[in-house]
Amino acid sequence: MPAIALSGRATAAPVSQRALWAGYAAIVLVVGLLQGLAELQHYLERGGQHPWEPLLWELSSVVCMGPLGVAVYRWHARAWQRLQAGGGRLAFLGRHVLGALAYAVLHVSGMFALRFGVYALTAVAYEPGGPLKVMAYELGKDLVSYTVMVAVCHGLLLLFAEQQRQRELARLRAELAEAQLARLAEQIQPHFLFNTLNLISSVMYEDVPRADRILCDLATLLRQALAAEQAGRHALDEELALVQPYLSLMQARFGERLVVEVDVSPAARVCQVPALLLISPVENAIKHDVAQSSGPVRVTVRGELRPGPLLWLQVQNSGVTPTRGEREGAIGLANTRARLQALYGDTASVTLDAAPGGGGQLTLILPAQGAVAA
């Protein structure tokens, strides 16, 4: 009965909840049939002549209990809601005493109405006794049934309330993660923007055309970065296209000292990645390695699919070899780690170590989303 709100009103039932209602009805019918079959054995031992009678007795009882169980849930939900809102315990108990009496009257009335109807159609005599005798006989059993139903309904209320709390907690966590990712992404643009503005400032009085080209590349980069940031995620191929204007800016700064190579497989290019994922790793490789090396430095961006499926990305430079602890506190690297942790948890990793033959390499591993469809 998960489609019933705590207020006691039924909400619109989606397809999955309709299946649960169908299952509830099936359980009610199965219980009635099992009880009828058990009663049938005693009935035949006593010499009964109509085997359908015990099935009618038990099914008529259970069929009436099914809808009444829903009514008891709603009644208890309202009573519990009022108790939680500050209502007295005596009022809570009083509502259930009234509910138990109403349940017994409705159960007995519905049950015997069905029985008398069937017996009238079959022309078989049926003499259950007077109303007071029948009510006295059924009242004890109905009070027990009502108490059991209230206990089950209370357990369902607690279960649904916990599920609602979990959904609300998940929603809040998702909103917090989105806010954190937005904050981290916002920190990325100023990080390389300041460096580019310093570059423009250093050349604008010496080489105006060069400064103009740098400003055009910067405008292209910021425009593409803004669109990518709003999208949140895009294909790795689009991320590489976003990195290209930045590389143009850096090559304008370092000239022949910077050599860039991109080696990414076609299967990896279609995978979805967070927007602006590679800006910080590429910038770190240039800032910490090219800027500190007097000779040419090669910066290589690699990407491929690996079993999992996982997307393996690496930004490698041939310049300065990082020592343990270097760059750990850098804004770009810290943001990259935080973003991947927030998005993918322990399935993603970021490692910085020495590259074979000298230099450093930053390796990113994350789930290859979109690879299967491609």
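The values are calculated or read from the model by the stated rules, or taken from the named source; none is laboratory data. Predicted model, so just to flag it, every value in this text is computed and none were measured. Because the Cβ atoms are built from the backbone with ideal geometry, glycine has one as well, and the counts that use them run over all protein chains shown. Each accessible area value is taken on the protein alone, full model and side chains, heavy atoms only, with ligands, DNA and RNA left out. Shrake-Rupley method; radii C 1.70, N 1.55, O 1.52, S 1.80 Å.
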**Report entry** the range 254-273, subset assigned to a helix (DSSP H, G or I) and farther than 13 Å from P367 by Cα, residue most open to solvent (accessible area, probe 1.4 Å)
**Finding:** E256
Requested in this report: Working carefully through the options A170, A125, find the one that is at pLDDT 80 or above and of a type outside the set (D, E).
Outcome: A125
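Would you call N317 buried (at least 18 other Cβ atoms within 10 Å of the Cβ), modelled with pLDDT of 80 or more and of a type in the set (S, T, N, Q)?
Answer is yes for this residue.
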Query raised in the report: Considering the range 50-62 alone, what residues qualify as being within 20 Å of A100 (Cβ to Cβ) and aliphatic (A, V, I, L, M)?
Result: V62
Query - Yes/no for W52 being buried (at least 20 other Cβ atoms within 10 Å of the Cβ) and modelled with pLDDT of 80 or more - result: no
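Go through the range 34-49 and report how many residues are in a loop (DSSP other than H, G, I, E, B) and either crowded, with 20+ Cβ neighbours inside 10 Å or at negative phi (or both).
Counting residues in the range 34-49 that are in a loop (DSSP other than H, G, I, E, B) and either crowded, with 20+ Cβ neighbours inside 10 Å or at negative phi (or both) gives 3.
Could you tell me which residue of the range 123-146 is least open to solvent (accessible area, probe 1.4 Å), considering only residues that are free of Cβ contacts under 8 Å to residues at least 24 places away in the same chain and in a helix (DSSP H, G or I)?
So, considering only residues that are free of Cβ contacts under 8 Å to residues at least 24 places away in the same chain and in a helix (DSSP H, G or I), the one least open to solvent (accessible area, probe 1.4 Å) is G140.
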Report task. Among the residues of the range 333-369, count how many are surrounded by 16 or more Cβ atoms within 10 Å (Cβ to Cβ) and at positive phi. Result -> 1
Query raised in the report: Which one is least open to solvent (accessible area, probe 1.4 Å), of the residues in the range 77-88 that are part of a helix (DSSP H, G or I) and out of contact with any Leu (no Cβ under 7 Å at 6 or more places or on another chain)?
Result: A79
Query raised in the report: Looking at V62, is it closer than 15 Å to T147 by Cα and either open to solvent by less than 40 Å² (accessible area, probe 1.4 Å) or within 42 Å of the chain's Cα centre (by Cα) (or both)?
Result: no
Query raised in the report: If you go through the range 276-284 one residue at a time, do you hit one that is at pLDDT 80 or above and open to solvent by 10 Å² or more (accessible area, probe 1.4 Å)?
Result: no
